[in-house]
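*Asks:* A single structure is presented below for examination.
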Amino acid sequence: MLSNIMLGLSQLADPIVFLSLFFGVLLGLTVGALPGLNDSITIAVLVPITFGMDSRIAFAILCGIYVASACGGSIPAVLLEIPGTMSAVVTAYDGYPLCKKGHGLMALSVCMHSSCFGGLFSALLLLFAAPVLATVALAFGPPEYFMLGLLGMSTVIGMAGKDCWKHFISMGFGLWLSCMGVSGTTGSVRFTFGTMSLMDGLPLVPRMIGLFGILSILKICEKLGKGEEGWTADAVRQMQAKQKGYAEDKVQILPLSMMKRLLPTWLRGAVVGSFLGCMPGAGMTMAIFTAYDLEKRCHPELEFGTGVYEGIAAPEAANNGVVASSMVPLLSLGIPGNSTSALFIGALTIHGLVAGPTLFSKQPDMAYLIIMCFVVGNLLMIPMSLAYCKFLAAPILKLNSKVLSAGVIALCVTGSFAYKNNVFHIGVAVAFGVIGYLFYKFNVPTAPFILASILGNMMELNWINSLSYDHGFSIFIERPISCVLLIVSIFFCVWPWVGPQIKKMRNKNKVQPA
């Protein structure tokens, strides 16, 4: 372990690679601070552009963006009540009231420290958990890999809540798309509709560019069509004028008393985020709401939603706790923890690497470089985020959304074409942008769709290989690991129906007749 850590650090010690990580963190803070942009959009656009780069430089930039974007999303959430990213939605609940009270810059300081704590916690989890899990995964056969895919999709169903049927629709659509093209097992041609371009299936990178990049443009156009600017220079100027009346409010390193007060909150938020980050399909949205609700239960004496520092520390520690931990199943098992980490599959493929346990055995230098980028990137984020809030936050928020949208769509088109120099891929990106927009309008989640479209081919291949054993269907029960994964998958699938019934029974038992 120590030798591999030093191997990763030695590559990161290259000045060009280190500056690339620095640039990635700065870019991540910037895209996070701009409402309408996020890490998924930026990484999706940049993945094909990294094709001609050195692999070390490419992954240093991508990891830096992923590390810092959730942190940057809290800046407009606190100052303007406009979350820069979905992961900062809950931060606005208490962040903006603090800003109105004249403590906006102090609130930003708490956000930055909370994000760095949660990010570093999950990075250390990635450092120690991923190699161990990868070693165990080397003993996996086709039955275990099929059950892993089934577990990944069942976790999405188990956490769906009331809209479980929408998750089923999204997942079914993703599985259908994964069947397009020539089957890798039978050689049959499926769902190509007579189009030669679909013989190889739908490429991952253009799909992600459409679902994130093109979709963001459509959302911005919708707001502009309604006369909504989203964020304006006037709002920024009003915020700056308001802050001048409070000399004690400034971006700073938190005093020890505040750190001691928030440490339990940080720990709870980081644990919640890291745990949910390792579960495929959970994502940041679930982490921030879970952490916020947990903190409210731990502090019933505080009035959350009126400007409580714990109310911004918990979700910020949780959303950054998801970041590195979502890479644990990706690097060790080849299963993405969320939609953003799924983009790294495309990046690894472009650079001739394969996500999964063989990455640690065949390319340990790249595996540990990626891990150390998350560790060092979070350490860099502490001083960089504070300096960013102090000097660059307000000017960045003044950028015109129309000019920004034009730049994003140009990068989306260029990135889609540059993936394999195929004009058809531009059409794929646009089509998936429209699909993503329809999902958005009908409130259908895209995470199950993305996960199913990625895992579909892997599950089909391992299903057929598993049935080639003489044991038939019993192979999934006879092998211990496969059997355990099957039981856990069944639990997640039935929980949306069993859970509410158990809750009703408990409530009935509590209500006793007088």
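The values are calculated or read from the model by the stated rules, or taken from the named source; none is laboratory data. Because the structure is predicted, anything quoted here is derived from the model rather than measured. Every residue, glycine as well, gets a Cβ built from its backbone with ideal geometry; the counts of neighbours run over all protein chains shown.
*Asks:* Go through the stretch 50-93 and give me each residue that's in contact with a Leu (Cβ under 8 Å, 6 or more places away or on another chain) and either among the basic types (Lys, Arg) or surrounded by fewer than 24 Cβ atoms within 10 Å (Cβ to Cβ) (or both).
*Replies:* Result: Thr50, Ser55, Arg56, Leu80.
*Asks:* Sort through Thr265, Thr285 and tell me the only one that's at pLDDT 80 or above and among the hydroxyl-bearing types (Ser, Thr, Tyr).
*Replies:* Details: Thr285 fails: at pLDDT 80 or above.
The unique qualifying residue is Thr265.
*Asks:* Something else about it: Return the residues of the stretch 324-350 that are touching a residue at least 12 places away in the same chain (Cβ under 8 Å) and of a type in the set (A, V, I, L, M); say none if nothing qualifies. Explain how you work it out, then say what you get.
*Replies:* Keep residues of the stretch 324-350 that are touching a residue at least 12 places away in the same chain (Cβ under 8 Å), which gives 324-347, 349-350.
Listed by number, the residues that qualify are Ala324, Met327, Val328, Leu330, Leu331, Leu333, Ile335, Ala342, Leu343, Ile345, Ala347, Ile350.
*Asks:* Quick one: how many residues across the stretch 77-96 are assigned to a helix (DSSP H, G or I) and either aliphatic (A, V, I, L, M) or free of Cβ contacts under 8 Å to residues at least 24 places away in the same chain (or both)?
*Replies:* First, the residues of the stretch 77-96 that are assigned to a helix (DSSP H, G or I): 77-80, 86-88, 91-96.
Cutting the leftovers down to either aliphatic (A, V, I, L, M) or free of Cβ contacts under 8 Å to residues at least 24 places away in the same chain (or both) gives us 77-80, 86, 88, 92, 96.
The total comes to 8.
*Asks:* Can you say whether Ser468 is surrounded by fewer than 16 Cβ atoms within 10 Å (Cβ to Cβ) and at pLDDT below 85, as far as the supplied structure shows? Don't jump to the end; show me each part of the working.
*Replies:* On the way: surrounded by fewer than 16 Cβ atoms within 10 Å (Cβ to Cβ): yes; at pLDDT below 85: yes.
Yes.
*Asks:* Further question on the same structure: Can you run down the residue pairs with Cβ atoms below 6 Å, 6 or more apart or on separate chains, where the first is in the stretch 422-435 and within 15 Å of Leu177 (Cβ to Cβ) and at pLDDT 90 or above and the partner is among the basic types (Lys, Arg) and surrounded by 20 or more Cβ atoms within 10 Å (Cβ to Cβ)?
*Replies:* Here the result reads Phe432/Arg207, each pair linking the stretch 422-435 to a residue that is among the basic types (Lys, Arg) and surrounded by 20 or more Cβ atoms within 10 Å (Cβ to Cβ).
*Asks:* Got a sec? Which of Ile426, Ile450, Ile477 is of a type outside the set (D, E, K, R) and surrounded by fewer than 18 Cβ atoms within 10 Å (Cβ to Cβ)? Before you say what the answer is, go through the steps one by one.
*Replies:* Numbers: Ile426 fails: surrounded by fewer than 18 Cβ atoms within 10 Å (Cβ to Cβ); Ile450 fails: surrounded by fewer than 18 Cβ atoms within 10 Å (Cβ to Cβ).
Matching residue, one of Ile426, Ile450, Ile477: Ile477.
*Asks:* Condition first: within 30 Å of Val136 (Cα to Cα) and at pLDDT below 90. Now tell me which residues in the stretch 367-403 satisfy that.
*Replies:* Step one: list which residues in the stretch 367-403 are within 30 Å of Val136 (Cα to Cα), which gives 367-379.
Passing the criteria: only Ala367.
*Asks:* Moving on to the next point. Does the stretch 301-318 hold any residues that are surrounded by fewer than 24 Cβ atoms within 10 Å (Cβ to Cβ) and aliphatic (A, V, I, L, M), and which are they?
*Replies:* Leu302, Val308
*Asks:* A further question follows. Starting from residues that are without any contact (Cβ under 8 Å) to a residue 60 or more places away in the chain and of a type in the set (Val, Ile, Thr), keep the ones in the stretch 52-76 and report whichever is farthest from Ile41 (Cα to Cα).
*Replies:* Ile57
*Asks:* For the stretch 296-414, which fully contained helices (runs of 4 or more DSSP H) count at least 2 residues that are farther than 18 Å from Phe121 by Cα and out of contact with any helix residue (DSSP H, G or I) (no Cβ under 7 Å at 6 or more places or on another chain)? Steps first, answer last, please.
*Replies:* On the way: elements: 309-325, 327-333, 339-350, 358-362, 364-391, 393-397.
Result: 339-350, 358-362, 364-391.
*Asks:* Then there's this: Filter the stretch 63-86 down to the residues that are within 12 Å of the chain's Cα centre (by Cα), modelled with pLDDT of 75 or more and not aliphatic (A, V, I, L, M) and list them by number. Reasoning before the result, please.
*Replies:* Just the residues of the stretch 63-86 that are within 12 Å of the chain's Cα centre (by Cα), to begin with: 63, 65-70, 85-86.
Retained after the next criterion (residues that are modelled with pLDDT of 75 or more): 63, 65-70.
Passing the criteria: Cys63, Tyr66, Ser69.
*Asks:* Let me ask something additional. Can you pull out every residue in the stretch 3-26 that is part of a helix (DSSP H, G or I) and either within 14 Å of Ala347 (Cα to Cα) or free of Cβ contacts under 8 Å to residues at least 40 places away in the same chain (or both)? It would help to see each step written out before you state the result.
*Replies:* Our first condition is that a residue be part of a helix (DSSP H, G or I); within the stretch 3-26, this holds for 3-12, 15-26.
Those that are part of a helix (DSSP H, G or I) and either within 14 Å of Ala347 (Cα to Cα) or free of Cβ contacts under 8 Å to residues at least 40 places away in the same chain (or both): Ser3, Met6, Ser10, Pro15, Leu19.
*Asks:* Please work out if Phe304 is touching a residue at least 12 places away in the same chain (Cβ under 8 Å) and over 24 Å from the mean Cα position of the chain (by Cα).
*Replies:* Details: touching a residue at least 12 places away in the same chain (Cβ under 8 Å): yes; over 24 Å from the mean Cα position of the chain (by Cα): yes.
In short, yes.
*Asks:* Only one of (1) farther than 24 Å from Phe168 by Cβ; (2) surrounded by fewer than 18 Cβ atoms within 10 Å (Cβ to Cβ) is not met by Cys412, so which one is it?
*Replies:* Unmet condition: (2).
*Asks:* Anything in the stretch 424-456 that is outside any helix (DSSP H, G or I) and closer than 12 Å to Met208 by Cβ? List them, or say none.
*Replies:* Initially, the stretch 424-456 is screened for residues outside any helix (DSSP H, G or I), giving 442-446.
Within the stretch 424-456, just Thr446 meets the criteria.
*Asks:* Answer yes or no: is there a residue in the stretch 155-171 that is in a helix (DSSP H, G or I), within 20 Å of Ala355 (Cα to Cα) and either touching a helix residue (DSSP H, G or I) at 6+ places or on another chain (Cβ under 8 Å) or at pLDDT 90 or above (or both).
*Replies:* Looking through the stretch 155-171, none of the residues is in a helix (DSSP H, G or I), within 20 Å of Ala355 (Cα to Cα) and either touching a helix residue (DSSP H, G or I) at 6+ places or on another chain (Cβ under 8 Å) or at pLDDT 90 or above (or both).
*Asks:* Still on this structure, please answer the following. Checking Val110 against (1) closer than 18 Å to Val25 by Cα; (2) surrounded by 24 or more Cβ atoms within 10 Å (Cβ to Cβ); (3) modelled with pLDDT of 90 or more, which single condition isn't satisfied?
*Replies:* Going through the list (1) closer than 18 Å to Val25 by Cα; (2) surrounded by 24 or more Cβ atoms within 10 Å (Cβ to Cβ); (3) modelled with pLDDT of 90 or more, Val110 breaks only (1).
*Asks:* What is the number of the single condition among (1) among the small types (Gly, Ala, Ser); (2) over 11 Å from the mean Cα position of the chain (by Cα); (3) buried (at least 24 other Cβ atoms within 10 Å of the Cβ) that Ala342 does not meet?
*Replies:* Against the list (1) among the small types (Gly, Ala, Ser); (2) over 11 Å from the mean Cα position of the chain (by Cα); (3) buried (at least 24 other Cβ atoms within 10 Å of the Cβ), Ala342 comes up short only on (2).
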